[in-house]
Amino acid sequence: MGMVIVGSLLPAASPVMVAIGRLGINDKVQHFCAYLTLSALPAIGIEDRHKAIWAAVSMFLLGVLLEGGQHFSPGRSVELGDVIANGLGVACGLLLALPVRSRVALS
C-alpha cells in the first residue's frame, strides 16, 4: 500500500516516476494491477468475510483520494481513466480472491 501511495503522489519529474515511465507499461495497466493486488490481499487475508470485502472495497476509495491528491503534485493530473482502472482492478481482485479465500484455511 505504501508503494502505491508514494507512487501516486510523487511529482512527475521525480527519479522514481521517470524510471517507472521507462518501463513502457501503460499507466492504466499499472493502476489496474496495483488495485487488483490491493483488493485481493485483504479479501484473502482477513478472516471475517464482511470485513474482508469492506477492506477490499475501501481500496477504491483510497484510489479516488490519491487521484485527487495528484492535483497538488507537480506535473501530475487527475484522470477519470485512472479512477476507472482502479475500480476495475478492485472488482477483479475481489472476483479472483473470493474463490481462493474459500480454499485457503485462515488461521
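No lab work stands behind these numbers, since they all come straight from the coordinates. The model shown is predicted, which means the values in this text are computed figures rather than measured ones. Because the Cβ atoms are built from the backbone with ideal geometry, glycine has one as well, and the counts that use them run over all protein chains shown.
In what sequence do 38, 9 fall when counting other Cβ within 10 Å, fewest first? Can you show the working numbers first?
Working: 38 24, 9 14.
Lowest to highest Cβ neighbour count: 9, 38.
Using θ = phi - 60° and the Karplus curve 6.51 cos²θ - 1.76 cosθ + 1.60, what whole-Hz ³J(HN,Hα) does each residue of region 27-32 get, with Gly and Pro shown as x?
Those phi angles translate into 5, 5, 5, 4, 4, 4 Hz.
For region 2-7, in order, what is each residue's ³J(HN,Hα) by Karplus, 6.51 cos²θ - 1.76 cosθ + 1.60 with θ = phi - 60°, in whole Hz (x at glycine and Pro)?
Running phi through 6.51 cos²θ - 1.76 cosθ + 1.60 with θ = phi - 60° gives x, 5, 5, 5, 5, x Hz.
Once phi is turned into θ = phi - 60°, what whole-Hz ³J(HN,Hα) does the Karplus curve with 6.51, -1.76 and 1.60 give for every residue of region 12-25, x standing for Gly and Pro?
Result, rounded to whole Hz: 4, 8, 5, x, 5, 5, 5, 5, 5, x, 6, 5, x, 9.
I need the Kirkwood Rh of the chain: take the reciprocal of the average 1/r across all distinct C-alpha pairs and report it in angstrom. List each step's numbers first, then the result.
Working: mean 1/r = 0.0698 Å⁻¹.
Mean inverse Cα-Cα distance, inverted, gives 14.3 Å.
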